[in-house]
Amino acid sequence: MSTSSSSSSSTSSAEEIQGGDGGGGGGGFEGPLSSRRRMRSSNGVWPEPFVEALAFQVAIDASRTISRLAAAEALRNIFQVCSTWRAISRSDLLWQNVTRHIWNIRHRLHNTWREEYIFRHITATNFRMRRYEYTTLHFVPTDSNNSDSLSCRRLALSDHHLAAGFFDGSVQLFHLPTRLHLSTFYPEPRDRLGHFPTAISGIILSDTQLVFATLDGDIHIAVINGVTPLRRALVGDVVNDGVLVDFTGCNQWWVGLYAGAPGRAFHFWNSETEVLVYVGGVLTDPEALTGWGLLNELTELIGRVRVASHGTAVACTSLRTIVLDLTNPGIVLQEEEIPGGITISCFDTNDESMVIVDSRTTASVRRVTTLEEVCRFTARGASRRGTLGCVNGGYGLMCVGGEIRVWEIEHGAYLYNFRERIGICNALIADERHVAACSADAIIHLWDFGAQ
């Protein structure tokens, strides 16, 4: 294991959230002194719930208009008005609300929501400043005589786990805090079409459950750290549905993107009941033959699908992107053809935004709900074969020629390259703390930006 870090500490970032004298961490408001004088003069008539509501709104406004990191300085200004207003900093409800809205965190990993916010702020600051711990994870092929067991197709992250899915149908699970390999899951054999029907097409991972799907449409479930064996929840019908080219989901939905059967591009399942609730869509109809070819040839991506917030699913092919309403299956919320085409391997979404890279290597950051452009940047070399991209809440990453580059997606500014070159990359993923990539030499690379 090797460590890459800056000599400056993250302490100042934590201090500014707690009312210290640290820097802005990404921006702040003009004239804080005059604002404090105006607020101090009338604080005696402002009840505590009102001040708490004001602090929340000020933090949210700063995060939306400047950056997520700017919310810390905005809160610091509020807390410095007077001792009465500083007392609001001890409200766990305030910290819960700002953590949920700014960092999109629904469950805390620390003792209090205040500690959770501080951790998320420092981690995001580390991401911006290129402070991380780098290590590699090695795994044992399920079949040393089969090169397919070394070819990773999908990666998934949760708070404490990493899952890697391979062409041979196996999924390997790692424990992030210890970097240890926990287990390997392999579906039971059955009669299948083609050479690659068991190649992993998508993984949904939490710290309690692993769900993964294969190209022929089978969906499997495993309980993490449980004694229950791997279960085939659904048997795919590749003849009637086509090939399951991408699979994703959340705690409420599973979403599959298919190619090969007209009018059956999307499948939605209720993830709790495992019941299919919708089949339809023509997004991948032009790629039907290419879809069938995936069963026998390792070709380029046909499309990607992601679940975003507000009950939406976002998908793309090489020419078009589409936003679907999961709560009203079959309803298309937004749709757009991209002139010159889309680099599918670089398409990704977080809860609120998506990144689309066109054939001219221009990356456009869009709002999921409206497709409104937030910013754009030039992803040099992103049209090159083998380029991969992903996005988390604040940053977009592109792996080009074995080098990972980072942009912030609030204004489109280029930040830096990772120090490590990894060669040909087969899979890439990022969340708010970790970045993981699997290279062609059967090594999983892991970067941890978490507050140390």
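Every read-out reported here was derived from the displayed coordinates using simple, explicitly stated rules and does not represent laboratory data. Being a predicted model, the structure only gives us computed values, none of them experimental. Glycine also receives a Cβ, built like all others from the backbone with ideal geometry; neighbour counts cover every protein chain displayed.
Starting from the Cα-Cα distance between His175 and Thr370, subtract it from 0.36 nm times their residue separation and give me the gain in nm to one decimal.
Contour length minus the Cα-Cα distance gives 66.4 nm.
Can you tell me the length gained on complete extension of the stretch Ser359 to His195, counting 0.36 nm per residue apart and subtracting the Cα distance?
Going from the current span to full extension adds 55.9 nm.
Give the order of Tyr416, Tyr132, Tyr278, Tyr258 when sorted by the count of other beta carbons within 10 angstrom, beginning with the fewest.
With the sparsest Cβ surroundings first, the list reads Tyr416, Tyr278, Tyr132, Tyr258.
Mean residue ellipticity at 222 nm from the helices of the chain, using -39,500 (n - 2.57) per DSSP H segment of n ≥ 4 over the full residue count, to the nearest 500 deg cm²/dmol?
-5500 deg cm²/dmol
Taking the Cα centre as origin and putting +1 on Lys and Arg beta-carbons and -1 on Asp and Glu beta-carbons, what dipole magnitude results for the chain, to the nearest 20 debye?
About 1320 debye.
Over all directions, average the projected area of the Cα convex hull of the stretch 174-276 and note it in nm².
That works out to 7.0 nm².
Would you mind classifying the stretch 289-424 by shape? Square roots of the alpha carbon gyration tensor eigenvalues, ordered a ≥ b ≥ c; an a/c under 1.5 is rounded, otherwise it is prolate if a/b is larger than b/c and oblate if not.
The shape class here is oblate.
Give me Thr99, Thr327 sorted ascending by neighbouring Cβ count inside 10 Å, so fewest comes first.
Final ranking by Cβ density, sparse to dense: Thr327, Thr99.
Listing Phe56, Phe347 from the residue with the fewest other Cβ atoms within 10 Å to the one with the most, what is the order?
In order of increasing Cβ crowding within 10 Å: Phe56, Phe347.
Below 8 Å, C-alpha to C-alpha, sequence gap of six or more: please give me the relative contact order for the chain in percent.
Computed over the chain, the figure is 11 percent.
From the square roots a ≥ b ≥ c of the eigenvalues of the alpha-carbon gyration tensor of the stretch 132-448, which class results: rounded (a/c under 1.5), prolate (a/b over b/c), or oblate?
Note, shape of the stretch 132-448 comes out rounded.
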